[in-house]
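For reference, the structure discussed in these notes is given below.
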Amino acid sequence: MVENSNNPDDKPDAKERPMFAHPPWTVGIVLCLAVLAIIAGLSDPIWILLGLPCILVLALYIYVRIVKRNRDGN
């Protein structure tokens, strides 16, 4: 029998939660746009400014992956 607990202290383990709350394909699109903004920004700096939100997501994604790898390794 499965117990359905309504206790708010019952939180899922960190391993059960996804790394990002969004579907993987949306994260992938934003990461691709960030790389394109960086490449286009090499020739015209306005693309760095326009792509800054995607570039920040890319930096956050890389940071989370590094921290997660270090935690799993220890």
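Tabulated data
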quantity: Positions within segment 27-45 being in contact with a Phe, Trp or Tyr (Cβ under 6 Å, 6 or more places away or on another chain) and of a type in the set (Gly, Ala, Ser), in sequence order; calculated: Ala37, Ala40, Gly41
quantity: Cross-chain or 6+ apart pairs with Cβ under 8 Å, segment 26-39 first and in contact (Cβ under 8 Å) with a residue 12 or more places away in the chain, then outside any helix (DSSP H, G or I); calculated: Val27/Phe20; Leu33/Gly51; Ala34/Gly51; Leu36/Gly51; Ala37/Gly51; Ile38/Gly51
quantity: Number of positions in segment 49-59 that are of a type in the set (Gly, Ala, Ser) and surrounded by fewer than 13 Cβ atoms within 10 Å (Cβ to Cβ); calculated: 1
quantity: Only listed residue being of a type in the set (Val, Ile, Thr), surrounded by 13 or more Cβ atoms within 10 Å (Cβ to Cβ) and at pLDDT 90 or above, chosen from Ile66, Ile46, Ile62, Ile38; calculated: Ile38
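The values are calculated or read from the model by the stated rules, or taken from the named source; none is laboratory data. Since this is a predicted model, take the numbers as computed values, not measurements. Here Cβ is always computed from backbone atoms with ideal geometry, including for glycine, and neighbour counts include all displayed protein chains.
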